[in-house]
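Enquirer: The structure that follows is given in the form of C-alpha cells.
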Ligand SMILES: NC(=O)c1ccc[n+]([C@@H]2O[C@H](COP(=O)([O-])OP(=O)(O)OC[C@H]3O[C@@H](n4cnc5c(N)ncnc54)[C@H](O)[C@@H]3O)[C@@H](O)[C@H]2O)c1
C-alpha cells in the first residue's frame, strides 16, 4: 500500500470539536490554550493501528495508544490466549483480536503496526508488516542478530516506511536535555561513561501450570523466553540496549571495540543467558567542535600540542547488569572535564566539576578601588572539611521530567510521523541497527573471551 | 506447605504479600508478578508521579477534555457511581475542593467517549480513597490466575485482602485497634486489640484520616468534602467487603460523613455500595473517664467475620 492509499484507508472521524461532546461553549474557550501534542489538533485523521504481541509490554503500549486521540486501535494479535484475552480488555471492543498476526495483516490492513513480540520474532513480524504496506513501531532490541537488523534496515529503506524502534528514552525530556548538554559542551570533553542496570530478582515470569504438568516446559520457554538464547540476548538486549542507545546518541557514534565478561553465576536455574555482564566499550571520537586551541597558549601537558589535540580520542564506557544486587539501580553517569550527568528515566542530576580556579578566596576590591580586602581571615578555628564521602560533588542541578510518560510520548511521536509520512523518526531503523550491533557484539565477546570490533553498520 | 513473603514500597506505604503453596520458585515468581501489578496501579493512579495517567489528567483536563484508557474509564465510572451513592462524600477532588471552597461539580466524565474534563482551574483528582483497595484487587486477580488459593495481602496495614485460608485452614485473622488510641489527646491508650476480623476471600479497608499514600493532604485530618470544614464528630471505620475497592470507597465516605450522619446512612439507606459491604465497624474517640474502648459494629452480614 502506498502512502496515499494508507491515508485513504484511515476512516474519517468527525473533527475534534465534535469529538468533545461535552460543552461546545467551554470547548471554544479551551481551544485557545496551546496543546502539547499535535495529535489533538483539529481535523486530525486517526491512524489505524494494530498491536502484535500483547504480553507485558504490548499491554503497556495498548493502554497508552488508547489515550492518544489520533490513534484508532483496530486490532490486536497474540498466539497465547490468556495474554490476548487480558489485553482485549485494555484495547477495548473496537479492537479485533487475532491469534494469527498474518491474518490480522491481511484482513485489517492497518496503517501502522506496533510490535511487542519476543526478540527472536522481531525481524519476521516487522518484515511481514512492511510487506503488508504498514508503517512499523518495533520494540527494542531491533533484532536478534546483526544480519537480521541489516536486512530489516534495508527493507525499511526500500519500502520508504516510517519505522521506529521502541527505545523510549529518545522521547524522554531528561535524555533530550542531556544530549543537548553533552553536544553543546556543557560537560566539557566527555571522557568516560559508566552505566548499569542492577536489580535483585530472578527475572522469571510465573508459569500457570505446576512443574510436573505436561505443558510446563513448553509454557516456561514461551513465557520466560528472555532466559533462553534461541529467543533472547539476555541482559544486553533486554536492558543494555536502552542504555547503550543513550550512550550512542549522546556521543554521536557507536563504539569501535568491546571487551566483556559474564556468566550464569547465581541464578543457576537452567537459564541460558548470563545473570551478570560487565562490558568495556571504546568509542573513538573527534575532539569537541569549537574554537581551535590558541597556538600561543601554554604547552599542553605531556608535551602535547594543539595538533595532537585534534586527533580522535578514546572514550571508555563501562556497562554492567546484575540480577542479584540492586544498590546501584539503573542509571548512566556521563563524565566530562567540566561536569557530570547522572541520568535516570525520571530524574537527571548535573554536577559541575570543582575546577582549579575555584579555590574560594575572597578578592573583593574596596569601594575606592584601592586596597584589597583580606584574602584570608583567620580566627583560631580550623575550617574542617566535611567528612561526607560525597562532599566533593557539591549541590547538583536537577533535571526533572514533569511532562509525562516517555512510552506514551514515543508513541505520540511515532503516530505523528506516520501521519506526516516522515521517515525521520526519533529512533529509526539505522539507529536500531547500530544499537543491535553494539549490544550483540558484547554478548559475542563474552562467549569468545576476546576483544571484538563492533561491525561498522 | 511453603510460605513465601514479599514486600515492596508503593503508594507511599509498604505492600506486603504472604503466599501459601507447595512450590517456592512458583510462589516467588507469582509474588513478583503481583507486586509488579501493584506498581502498575501506582503508575496509573498516583498524582505524585508525573508519568501517571492521573497526573496527566491533572495537568491537562482544565485546558481540554482528556482521553483516558479503558481501565481508568471504568475506575472513573465506578467512582462517579460511588460519589452518587454516598451523597458526594466520596470525592476524588476533595483536597482541591477544600482549597477552592467550591461545592459544585468539579469534574465531568463522558463515559462513552472516555473523556474527562475539569470544570474550573485548580482541580485535581486524588485516588487516595480508592487506589490501595483497587491495587489489592488487581494483585489478587494476578495471584488467582497463577493458581494461588491462599494468600494475605496488605497495603500499609489499612487495606487488607485475604484469599482462602491461612496455613492452619482458618480464615485469616486481622486484629483491630482503636485508631484514636494513638492520638496525643487520647486520655488512655489501648495498645491491645479491640477485636478481630476473620477473613476468607474478603477485603477490608480502615479509614481514620486521609491516608498519606496517594493523597494530597497527608498532614491534616480529613475534611468534610461538602463543607470544606473539618469533620465535627470524627470517627474511624473498618469496612469489610468482597473487594478492596468497595471497602476503600465506603470506609473513606463514612469517615467523611462524621459519626452521626454515617450511622444514619448505614442504618437507613439501601444502595449497591452498602449492599456490597459485609461488615462495618466504627471506632470513636474515648469519652468516658475510664477510657473504655469504643468499637461499634454498625453492620455484620456474615456470622463469624467479626469476633
Ligand atoms: N521498551 C521497554 O521498556 C520494554 C519493556 C519490556 C519489554 N520490551 C520489549 O517488548 C517485547 C515483548 O516483551 P514482553 O516483556 O512484553 O514479553 P511477553 O512475553 O510478556 O510478551 C510477548 C508476547 O508476544 C506473544 N507472541 C509470541 N509469539 C507470537 C506470535 N507468533 N504471534 C503473536 N504473538 C506472539 C507472546 O504470546 C506474548 O504474549 C520484547 O522485545 C521486549 O524487549 C520493551
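Enquirer: From (1) free of Cβ contacts under 8 Å to residues at least 40 places away in the same chain; (2) touching a helix residue (DSSP H, G or I) at 6+ places or on another chain (Cβ under 6 Å), pick out the condition that doesn't hold for residue A:86.
Expert: Every listed condition holds for residue A:86 apart from (2).
Enquirer: Just one of the numbered conditions (1) modelled with pLDDT of 95 or more; (2) surrounded by fewer than 24 Cβ atoms within 10 Å (Cβ to Cβ); (3) farther than 24 Å from residue B:14 by Cβ is not true of residue B:103; which one?
Expert: (1)
Enquirer: Let me ask something else about it. Taking the condition of being within 8 Å of chain B (Cβ to nearest Cβ) and either within 14 Å of residue A:55 (Cα to Cα) or within 12 Å of the ligand (Cβ to nearest atom) (or both), how many residues in the range A:207-224 meet it?
Expert: 1
Enquirer: What helices (runs of 4 or more DSSP H), lying completely within the range A:143-239, carry at least 1 residues that are in contact with a helix residue (DSSP H, G or I) (Cβ under 6 Å, 6 or more places away or on another chain)?
Expert: Answer list for the range A:143-239: A:146-159, A:173-183.
Enquirer: Tally the residues that are surrounded by fewer than 23 Cβ atoms within 10 Å (Cβ to Cβ) and within 11 Å of chain B (Cβ to nearest Cβ), restricting the search to the range A:71-82.
Expert: Summing the residues that are surrounded by fewer than 23 Cβ atoms within 10 Å (Cβ to Cβ) and within 11 Å of chain B (Cβ to nearest Cβ) in the range A:71-82 gives 1.
Enquirer: Residue A:197 versus (1) crowded, with 22+ Cβ neighbours inside 10 Å; (2) within 12 Å of chain B (Cβ to nearest Cβ): which is the lone unmet condition?
Expert: The number of the failed condition is (2).
Per-residue answers, yes or no, for (1) within 14 Å of chain A (Cβ to nearest Cβ); (2) over 17 Å from the mean Cα position of the chain (by Cα); (3) surrounded by fewer than 21 Cβ atoms within 10 Å (Cβ to Cβ); (4) at pLDDT below 95:
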| position | (1), (2), (3), (4) |
| --- | --- |
| B:132 | no, no, no, no |
| B:144 | yes, yes, yes, no |
| B:148 | yes, yes, no, no |
| B:151 | yes, yes, no, no |
| B:162 | no, no, no, no |
| B:178 | no, yes, no, yes |
| B:182 | no, yes, yes, yes |
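Enquirer: From (1) part of a loop (DSSP other than H, G, I, E, B); (2) touching a strand residue (DSSP E or B) at 6+ places or on another chain (Cβ under 9 Å); (3) surrounded by fewer than 19 Cβ atoms within 10 Å (Cβ to Cβ), pick out the condition that doesn't hold for residue B:92.
Expert: (3)
Enquirer: Do we have residue A:122 as surrounded by fewer than 24 Cβ atoms within 10 Å (Cβ to Cβ), within 13 Å of the ligand (Cβ to nearest atom) and at pLDDT 95 or above here?
Expert: Working: surrounded by fewer than 24 Cβ atoms within 10 Å (Cβ to Cβ): no; within 13 Å of the ligand (Cβ to nearest atom): yes; at pLDDT 95 or above: yes.
The answer is no for residue A:122.
Enquirer: If residue B:62 satisfies every condition in (1) touching a residue at least 60 places away in the same chain (Cβ under 8 Å); (2) over 25 Å from residue A:86 (Cα atoms); (3) more than 10 Å from every other protein chain (Cβ to nearest Cβ) but one, which is the exception?
Expert: (3)
Enquirer: Does residue B:127 meet the test of being away from chain A (no Cβ under 14 Å), within 21 Å of residue A:63 (Cα to Cα) and touching a helix residue (DSSP H, G or I) at 6+ places or on another chain (Cβ under 6 Å)?
Expert: Yes.
Enquirer: Would you mind telling me which numbered condition in (1) in contact (Cβ under 8 Å) with a residue 12 or more places away in the chain; (2) assigned to a loop (DSSP other than H, G, I, E, B) residue A:395 fails?
Expert: So residue A:395 meets the others, but not (1).
Enquirer: Could you pull out the residue among B:105, B:97, B:144 that is closer than 30 Å to residue B:30 by Cα and either assigned by TED's automatic domain parsing to the domain that holds residue B:61 or without any contact (Cβ under 8 Å) to a residue 40 or more places away in the chain (or both)?
Expert: It is B:144.
Enquirer: Inspect the range A:101-109 for any residue being surrounded by fewer than 23 Cβ atoms within 10 Å (Cβ to Cβ), within 13 Å of the ligand (Cβ to nearest atom) and either on the phi < 0 side of the Ramachandran plot or within 14 Å of chain B (Cβ to nearest Cβ) (or both) and give the result as yes or no.
Expert: Yes, the range A:101-109 contains at least one residue that is surrounded by fewer than 23 Cβ atoms within 10 Å (Cβ to Cβ), within 13 Å of the ligand (Cβ to nearest atom) and either on the phi < 0 side of the Ramachandran plot or within 14 Å of chain B (Cβ to nearest Cβ) (or both).
Enquirer: Still on this structure, I have one more. Where the second residue is more than 10 Å from the ligand (Cβ to nearest atom) and the first is within 14 Å of chain B (Cβ to nearest Cβ) and lies in the range A:142-170, which pairs have Cβ atoms under 6 Å and are six or more apart or on separate chains?
Expert: Going by the 6 Å Cβ cut-off, the qualifying pairs are A:169/A:175; A:169/A:246.
Enquirer: Another question, if that's okay. Residue under question is residue A:59, and the condition is that it be under 25 Å from the mean Cα position of the chain (by Cα), within 11 Å of the ligand (Cβ to nearest atom) and within 10 Å of chain B (Cβ to nearest Cβ); does it hold?
Expert: Yes, satisfied.
Enquirer: Mind telling me which of the residues B:54, B:30 ends up being crowded, with 22+ Cβ neighbours inside 10 Å and at the interface with chain A (Cβ under 7 Å from one of its Cβ atoms)?
Expert: Details: B:54 fails: at the interface with chain A (Cβ under 7 Å from one of its Cβ atoms).
Criteria check complete, one pass: B:30.
The values are calculated or read from the model by the stated rules, or taken from the named source; none is laboratory data. Given the structure is predicted, the values throughout are model-derived calculations rather than measurements. Neighbour counts run over all protein chains shown; Cβ positions are idealised from the backbone, glycine included.
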